[in-house]
Structures are given as structure tokens and as C-alpha cells.
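The values are calculated or read from the model by the stated rules, or taken from the named source; none is laboratory data. Being a predicted model, the structure only gives us computed values, none of them experimental. Here the Cβ positions follow ideal geometry from the backbone for every residue, glycine too, while neighbour counts run over all protein chains shown.
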Amino acid sequence: MKSHRDEIGQALREARQAAGLSLGDVASRIKVKPVYLQAIEAGEFDRLPALPQTLGFTRSYARLLEVDVAEPLAQLGEEVHRDIESADYSAPDPVWHEIQLRQIAWGAAGAALGMMLLAALLFDFSAPPNQGEPVAVTPVERPVPDVATPVAETPAATLQSSVHGSAPVSAEMAALLAGLSADNGAPREAVPSAAPQLFATRDVHLRAAPANEGEVRGVLAACEVLAVAGADMDGPWRAVRRSDGTTGWVYQRFVSAAVPPAC
């Protein structure tokens with residue numbers, strides 16, 4: 001008696017040959033490899049890549065050739081489902097002698113590398129500081145001044161009277177004293193002190209007067225550094241000066257003496 005596997009394979013093979021198609025023609029149409037189609041025609045469904053694909057490939061083959069193999073295909077489906085439910089997909093524990101030597105070698109190399117890194121972190125293998133022989137320092141002999149050597153006297157031609165009629169001095173000293181006298185007579189210009197600074201806390205208008213109706217002279221950028229130029233004694237406005245020299249008024253709520261956190 002013919003089995004349902006042989007019945008499906010024979011029906012599909014005869015239908016293909018009657019249609020004048022080769023296994024390659026069918027494979028290009030249903031996108032199944034010819035070797036799988038050959039296994040189906042031979043009833044050797046165990047040669048297919050997976051059990052669920054057995055039914056899918058067979059149905060596509062039968063649909064293309066318009067062959068009615070519903071009944072034997074249903075029996076094949078029951079068989080496939082029984083095989084799936086009874087299959088044991090758990091992997092057994094490997095036996096020691098079956099473990100590949102390459103895996104053992106990689107494991108040993110990894111352990112050795114880990115121990116080397118741990119030793120490098122725990123111990124200091126750097127060379128000790130150089131403690132060579134001390135270098136002898138030769139003392140420098142200082143010349144002893146000759147007390148008996150007379151000091152050369154300044155020629156009388158180079159001596160002049162000081163500016164205020166004091167003891168005679170050299171021409172260079174007289175010029176220096178004259179310059180100091182001239183400086184003492186002229187008033188010194190006061191060094192201006194740096195004006196206090198403010199920082200804009202946000203983008204805000206710079207106005208020509210301390211009021212919201214004042215003409216806008218520009219827009220202060222957030223974090224811009226400003227010089228204090230004055231204050232509105234009757235209101236909360238501050239007079240400031242920009243780096244380009246432009247002055248104006250800004251509401252004191254939008255300036256800060258400290259650098260804003262966002263800057």
C-alpha cells in the first residue's frame with residue numbers, strides 16, 4: 001500500500017512532467033531550492049531544512065501545479081505536528097573530552113591576561129628613584145680686596161654744583177636731580193579706578209532713559225559684561241556702559257553683579 005508521503009511525491013512529479021516543467025522551472029517560480037523539490041517528489045520529507053517548512057514547501061508546489069493532495073497532505077501535517085511535539089530541544093551537557101582544545105586555550109589565555117592586569121593594578125613595577133653618588137661642589141674662592149689700593153678720585157672737571165647749591169656732584173647726577181625737581185613741581189594725573197562690572201542675565205533692551213518708554217539703543221545679550229555707569233535714585237534702573245562705549249538704562253532685575261549660572 002502506498003504511503004501518504006509517496007502519494008504526494010508521485011502526484012506532484014507526474015503533474016510537473018505533464019506540464020513540461022523541470023525542477024529548476026518550479027524552483028524559480030516558488031523560490032524553493034531544486035534539491036528540496038526533489039526530496040518532496042521522492043517522499044523524503046526528512047531531507048527538508050525544518051519540519052514546519054515541510055508543509056509550506058509542499059503546499060506551494062501543489063498550488064503551482066494545481067494538484068489536489070489535500071488528504072495526504074493533512075496526514076503529513078499530523079505527522080509533522082507529532083514530531084514537533086515529541087522533539088527534545090534541550091542540549092545535553094558536554095562531555096569533558098568532547099570540549100575543543102581551542103576553547104580551553106582561549107579560556108586559559110583570558111585567565112592569564114586577567115591575572116596580569118590585576119598584578120599591574122596592585123603592584124608598582126616602576127624603577128626606584130636614582131640615588132647615585134653625591135656630586136662634590138667645589139667652593140668658590142672670593143677675592144680679598146686690597147685695602148692698600150687707593151681709590152681713584154673723580155676728576156674735578158666732571159664735578160658740578162647741585163641744583164640747590166649743595167656739595168659738587170657729577171653731571172649725570174645733576175641732570176637726574178633736575179628731572180626730579182621738575183616732576184615734583186608738576187601735578188600728577190590721577191589713575192582712574194576700574195568701574196564695577198555687571199552681567200546681563202538674559203537678552204534685554206538697552207534704553208535711553210530709565211523707563212519702559214525710553215528709546216531702545218540696542219539689545220544686551222545674555223552673559224554680556226557691562227560697566228556700571230550710574231543708578232536711578234528714584235527707581236530700580238541701572239545705568240550701564242557696553243564695551244563699545246554705548247551707554248543706557250536697563251532694569252536692575254536683568255543684571256547681576258555675580259556671573260549668572262548659565263554663563
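Contact map, the stretch 242-263: first residue in a loop (DSSP other than H, G, I, E, B), second residue modelled with pLDDT under 95 and polar (S, T, N, Q), Cβ cut-off under 7 Å, separation 6 or more or different chains; pairs are Pro260/Thr201. In this structure, Ala27 does not satisfy being surrounded by fewer than 12 Cβ atoms within 10 Å (Cβ to Cβ), over 21 Å from His4 (Cα atoms) and either in contact with a Leu (Cβ under 8 Å, 6 or more places away or on another chain) or at pLDDT below 85 (or both).
Applying the condition of being at pLDDT below 90 and not in a helix (DSSP H, G or I) to the stretch 33-51 and asking which residue is surrounded by the most Cβ atoms within 10 Å (Cβ to Cβ) yields Leu48. Mind checking which residues of the stretch 62-73 are part of a helix (DSSP H, G or I) and loosely packed, with under 12 Cβ neighbours inside 10 Å? Scanning the stretch 62-73 gives Arg63, Ala70, Glu71. Scanning the stretch 1-16 for residues that are free of Cβ contacts under 8 Å to residues at least 40 places away in the same chain and farther than 13 Å from Gln38 by Cβ returns Met1, Lys2, Asp6, Gln10, Glu14.
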